[in-house]
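The values are calculated or read from the model by the stated rules, or taken from the named source; none is laboratory data. Worth saying up front: this structure is predicted, and the values here are computed from it rather than measured. So basically every Cβ, Gly included, is an ideal-geometry build from the backbone, and we count neighbours across all protein chains shown. To get the accessible areas, we keep the full protein, side chains included, count just its heavy atoms, and leave off ligands, DNA and RNA. Shrake-Rupley method; radii C 1.70, N 1.55, O 1.52, S 1.80 Å.
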Amino acid sequence: MGSSPDQRSRFRGALLGVVVGDALGAPLEGHPGLVPAERVRALEEDHVDLLYTDDTAMTIALAESLLERGELDQDHLATCFVAHYRRQPDRGYGPGTARLLSELAGGAAWGPAAASQFGGQGSFGNGAAMRVAPVALHAGGDLSRVGDLARRSAVVTHTHPAAVDGAVAQATAIALALRAPAAGPLDRSAFLAAVVAAVGDGEMADALRSVSDLVESDERPSPTAVAARTGTGVAASESVPAAIAASLAWPDSFVGTVRYAISLGGDTDTIASMAAAVAGARLGEDAVPARWRERTEAAPLLVELADRFAEGAGARRAGPAN
Ligand code: F2R
Ligand code: MG
Ligand code: MG
C-alpha cells in the first residue's frame, strides 16, 4: 500500500463510497440469499450507467444542509429531505420514509410525524444510517460529537432506538476510518469495540457484538457466516452490522469490500453503500476504481460536497486569521 491518503482524499473516498456502493448494489437489492460472484462481476463489467437511489439522495440532502447551515439544523434538514423527495420521488425510498416525507411536504411537523411512524414505534429501518456519512465529515474527530450529531440527524425521520443507534454506529465507523492509518494492518478488534462503545447497550450493540469473533479472526469470514449472524434486511439492526462486518472483512481493499457487501444479498445497495463509505474513508479516493466512478451518476457532485467539507475542516484547523 502507498502513502496514507490525505484528508481531502479520504473525504472524497467516503462520499464516493456512498454513491458507488449504492449504485452498484441497487440492481440486486432484495436478492434472496447470497449473490453468486458471477452476478456481481456481471454488474461490474456491464456498460450501463450506475444510477443512485434514496441512499445517496438523502446523503446529498444531509450534506447540503450541513454545509449551508454550518451546523445540524433539524428543521432545515427536514426541508432538504422534502425538497429532494419532491424533485425525485422515484429514487426507491423506503415506504415509511416516503409516507413521512409526503406528510412533511403537506405541512406536518417532523418531530411528531416521525415519532408516529409504525404505530408510534418509529421506523427501525436503515434509512438514517445509510445517509449519515456527511456527519462524520462535518463533526471532526470527536466521537461523542459524531454520535450526538448522528442521533440528531436520525430522529428527523427515524425514532426507533435501533435506527438511531444504527446511524451512530455507521457515523462512528466512518469517523474511525477517516483517522485510521491506511498503511499497515487495521486493528479490527479495537475498531469494532469503539463502534460498540459509541452505541451503548441495546439491540444494535448486541448485533454488532454478534460478529466480533468473525471480524477478529485471522481468516476472512465467509459471506455465509456473516449473513447468517447479522441478517441482511432493511432493519438497521441487520444491515448496519452486515456493512461494518463487510468493511472489516476486506479492510485494505475498496473493491473487495464492495464485492463482499453485495455478495451478502438482501439490502445490497444499502449494505454496499455503507461498507464502501467506511472503506473509502480509510483508503481514500484512489482506491475507488475509475471504471466504477466514471459510470456512476452524480459522482462529481459527491466529490464537490466532500471538498467543501474538507475546506471547512481546513479552515477550522487554521483558526481565525488574527
Ligand atoms: N425501499 C427500498 N427498497 C424497496 C425496493 C425499491 C425498488 N428498487 C424501487 O426502485 O422501487 N430501499 C430503500 O429503503 C431502505 C431504507 O428504508 P427506510 O428509509 O428506513 O424506510 P422505512 O420504510 O422507514 O423502513 C423500511 C421498512 O422496514 C420496516 N419497518 C421499519 N420500522 C418498522 C416498525 N417499527 N415496525 C414494523 N416494520 C418496520 C417496514 O417494512 C419499512 O417499510 C433502504 O434499503 C433503501 O435502499
Ligand atoms: Mg436505496
Ligand atoms: Mg437499500
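Okay, residues lined up against (1) touching a strand residue (DSSP E or B) at 6+ places or on another chain (Cβ under 8 Å); (2) more than 23 Å from Ala105 (Cβ to Cβ); (3) aliphatic (A, V, I, L, M):
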position	(1), (2), (3)
Gly17	no, yes, no
Gly25	no, yes, no
Ala37	no, yes, yes
Arg41	no, yes, no
Glu68	no, no, no
Leu77	no, no, yes
His84	no, no, no
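Screening segment 205-322 for helices (runs of 4 or more DSSP H) wholly inside it with 2 or more residues that are open to solvent by less than 60 Å² (accessible area, probe 1.4 Å) and out of contact with any Leu (no Cβ under 8 Å at 6 or more places or on another chain) returns the ranges 236-249, 254-263, 268-283, 299-318. On the stretch given as segment 1-11, residues that are part of a loop (DSSP other than H, G, I, E, B) and either at pLDDT below 95 or surrounded by 24 or more Cβ atoms within 10 Å (Cβ to Cβ) (or both) total 4. Scanning segment 152-173 for residues that are open to solvent by 20 Å² or more (accessible area, probe 1.4 Å) and under 18 Å from Ser273 (Cα atoms) returns a single hit, Asp165. The set of residues from segment 35-71 being part of a loop (DSSP other than H, G, I, E, B), crowded, with 16+ Cβ neighbours inside 10 Å and over 14 Å from the mean Cα position of the chain (by Cα) comprises Val35, Leu51. For segment 12-34, taking the residues that are outside any helix (DSSP H, G or I) and away from ligand 1 (no atom under 15 Å from the Cβ), the one that is surrounded by the fewest Cβ atoms within 10 Å (Cβ to Cβ) is identified as Gly33.
Out of the residues in segment 94-124 meeting the condition of being in contact (Cβ under 8 Å) with a residue 40 or more places away in the chain and open to solvent by 40 Å² or more (accessible area, probe 1.4 Å), tell me which one is farthest from Gly202 (Cα to Cα). Applying the filter and picking the extreme gives Trp110. Condition check: of a type in the set (Asp, Glu), closer than 24 Å to Asp187 by Cβ and more than 16 Å from ligand 2 (Cβ to nearest atom). Does Glu294 satisfy that? Considered against the rule, which asks whether it is of a type in the set (Asp, Glu), closer than 24 Å to Asp187 by Cβ and more than 16 Å from ligand 2 (Cβ to nearest atom), Glu294 comes out as no.
Figure legend. Inter-residue proximity from segment 125-146: first residues within 16 Å of ligand 3 (Cβ to nearest atom), second residues of a type in the set (Phe, Trp, Tyr), beta-carbon distance below 9 Å, spacing 6+ or different chains. Indicated pairs: Gly127/Tyr93; Arg131/Phe81.
The single condition from (1) within 28 Å of Gly33 (Cβ to Cβ); (2) within 18 Å of the chain's Cα centre (by Cα); (3) touching a residue at least 24 places away in the same chain (Cβ under 8 Å) that Gly256 fails is (3).
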